[in-house]
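Everything on this sheet refers to the single structure shown next.
Just so it is clear, none of the values below were taken in a lab; they were calculated from the coordinates. Computed from a predicted structure; not experimentally measured. Every residue, glycine as well, gets a Cβ built from its backbone with ideal geometry; the counts of neighbours run over all protein chains shown.
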Amino acid sequence: MRRLLVPAILAIGSATGGAAISVAAGPDPVIGTWQLNVSKSTFKPGPAFKSQTRTYSQSGQSITAVIKTVHADGKETTTQITYQLDGKDYPVKGSPDVDSDSVKRVDSNTANFTLKKAGKVVQSGSRTVSKDGKTLTVKSKGTSANGEEFDDVLVFDKQ
């Protein structure tokens with residue numbers, strides 16, 4: 001439960017940079033569906049997710065990430081965020097551990113993200129799409145809702 005975004009959020013956050021994507025620059029390389037490769041990922045202290053699928057879509061400058069996770073205990077969660085790569089906070093839906101995410105482009109394939117709960121930073125990291133576009137790596141560090149520190153590297157394969 002503690003590593004839902006990424007980010008992603010993006011985890012959800014983290015494969016692009018700058019203030020925002022321009023439509024002329026084309027889609028962010030993170031756009032598409034990604035499947036967690038558990039054997040290539042590290043979960044410190046653990047346990048590892050059973051599975052995670054991340055689907056990123058883009059409309060103009062906004063990116064939406066939907067992250068479906070099956071946790072080690074078998075519980076399933078779906079987290080969603082729509083954000084821009086401008087470093088501003090955007091609301092996260094579906095996560096008990098975080099309620100906002102900010103993402104900022106570092107370069108064409110990398111973005112940094114910061115996840116917060118009630119205004120307090122609980123997780124930060126980066127997402128990077130490989131130059132060949134086949135691998136997404138999400139690195140995140142933070143503190144879980146129960147106060148446990150973690151340092152994870154999640155590796156995803158493009159579907």
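Annotations for the structure displayed:
- Using the Cβ-Cβ distance between ASP89 and GLN159 with R0 set to 22 Å, the FRET efficiency works out to roughly 0.15.
- Normalised radius of gyration (Cα atoms, divided by 2.2 N^0.38 Å) for the range 55-154: 1.06.
- Dipole in debye (nearest 20) - the range 26-159, about Cα centre, beta carbon charges: Lys, Arg +1; Asp, Glu -1: 160 debye
- Remark: relative contact order (the range 8-158) = 28 percent; criterion is Cα-Cα distance under 8 angstrom and separation of 6 or more residues.
- Extension gain (nm, one decimal) between SER62 and THR135, 0.36 nm per residue minus Cα-Cα: 24.1 nm
- All-pairs Cα distance distribution in the range 112-159, expressed in whole percent, bin size 10 Å: 26, 45, 23, 7
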